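Please treat every number below as a calculation from the coordinates, not as lab data. Predicted model only: the values in this text are computed from it and were never measured. So basically every Cβ, Gly included, is an ideal-geometry build from the backbone, and we count neighbours across all protein chains shown.
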Amino acid sequence: MINRAKPARCTFYVQDWADNIHVDSVTFTPTTSIDTLPPQITADSIGVDRWVLRATELRNIPLTPPPCPLTPIQLESGLRDVGLLTVADCFNVDVQLSRQLSSDSLQPTKSVLIRAAVHDPSVDARCVLSARDWAGNIATDSVQYSAPTTVQSPDPNNSVQVRYEHGVLFVRSTSPAPIGMAVLYNSRGEYLRTLRADGNSHQESITLSTGAYWLLRMVDDNCSVSPFLVVE
């Protein structure tokens, strides 16, 4: 059999050298069934920048008897393809499946894990996923991620403003004096980077996770601290 979901008939014969012939045939009739329910996409785990979802074809398992003998049974046809709805609907997300989908009609894939993760945490991300069965029913779902932004501690005496967006740290001096040298620390007091700027503004690419940070500014013998918070 090539496809056991379709009917088939084969007629064959055997003939000897005296031209005696015997003809026979075999017939295959598949189980009459329909699949009108789309797959389901549910979340196994949800993180800040990564997700594990499950696409399943299990809504008619176990089988329920049809209401009358002339009604075909509801039989799940199995997952045909799982992935991105369109490439244009996916922004900054990597998607992987836990297994390869089967095309065997007698052993179709009933469940598969979808692992999605943000590629660049400093950039917004969005992904529309779809799961289609062999009957053509489609289910869709989406995941979305917003890159962190910053909130600076209000201090009227502080002459430096700090802003973090899309992986870039922006530092601006509100006084005529240049920024000079500034040192970045995290909430545990760990040294991260030294910034040097001769002007009143400076920007530098750096990856910061959610949390509190301090920018220690050094101008001549004076020192000021600019705290800021990176939030989702």
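Values computed for the structure shown
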{"item": "Restricting the range 177-232 to trypsin sites (Lys or Arg not before Pro) in coil, as DSSP defines it, with at most 11 other Cβ within 10 Å", "result": "Arg188"}
{"item": "Relative frequency of Cα-Cα separations exceeding 23 Å in the range 33-145, percent", "result": "34"}
{"item": "Phi-based couplings in Hz for the range 183-195 (Karplus 6.51, -1.76, 1.60; Gly and Pro marked x)", "result": "10, 9, 10, 8, 5, 8, x, 7, 5, 10, 6, 10, 10"}
{"item": "Nonlocal amide H pairs with Gly83, under 5 Å, H built at 1.01 Å", "result": "Ser130"}
{"item": "J(HN,Hα) series, the range 138-145, from Karplus relation 6.51 cos²θ - 1.76 cosθ + 1.60, nearest Hz, glycine and proline x", "result": "10, 10, 10, 7, 9, 10, 9, 9"}
{"item": "Stokes-Einstein D (µm²/s) once Rh is taken as the Kirkwood radius of the range 170-232 over alpha-carbon pairs, at 20 °C in 1.002 mPa s", "result": "176"}
{"item": "Alpha-carbon gyration tensor eigenvalues x 5, square-rooted, for the range 90-209, Å", "result": "49, 13, 11"}
{"item": "Trypsin sites (Lys or Arg not before Pro) within the range 70-119: DSSP coil, no more than 13 neighbouring Cβ in 10 Å", "result": "Arg99"}
{"item": "Footprinting exposure proxy for Val112, Val87, Val48, Val230 (fewest neighbouring C-beta atoms within 10 Å first)", "result": "Val87, Val48, Val230, Val112"}
{"item": "Residue order, fewest to most surrounding Cβ atoms within 10 angstrom, among Asp141, Asp19", "result": "Asp19, Asp141"}
{"item": "√(5λ) per eigenvalue of the Cα gyration tensor, the chain, largest first, Å", "result": "67, 18, 12"}
{"item": "Burial ordering of Glu76, Glu190, Glu57, fewest other beta-carbon atoms within 10 Å first", "result": "Glu190, Glu76, Glu57"}
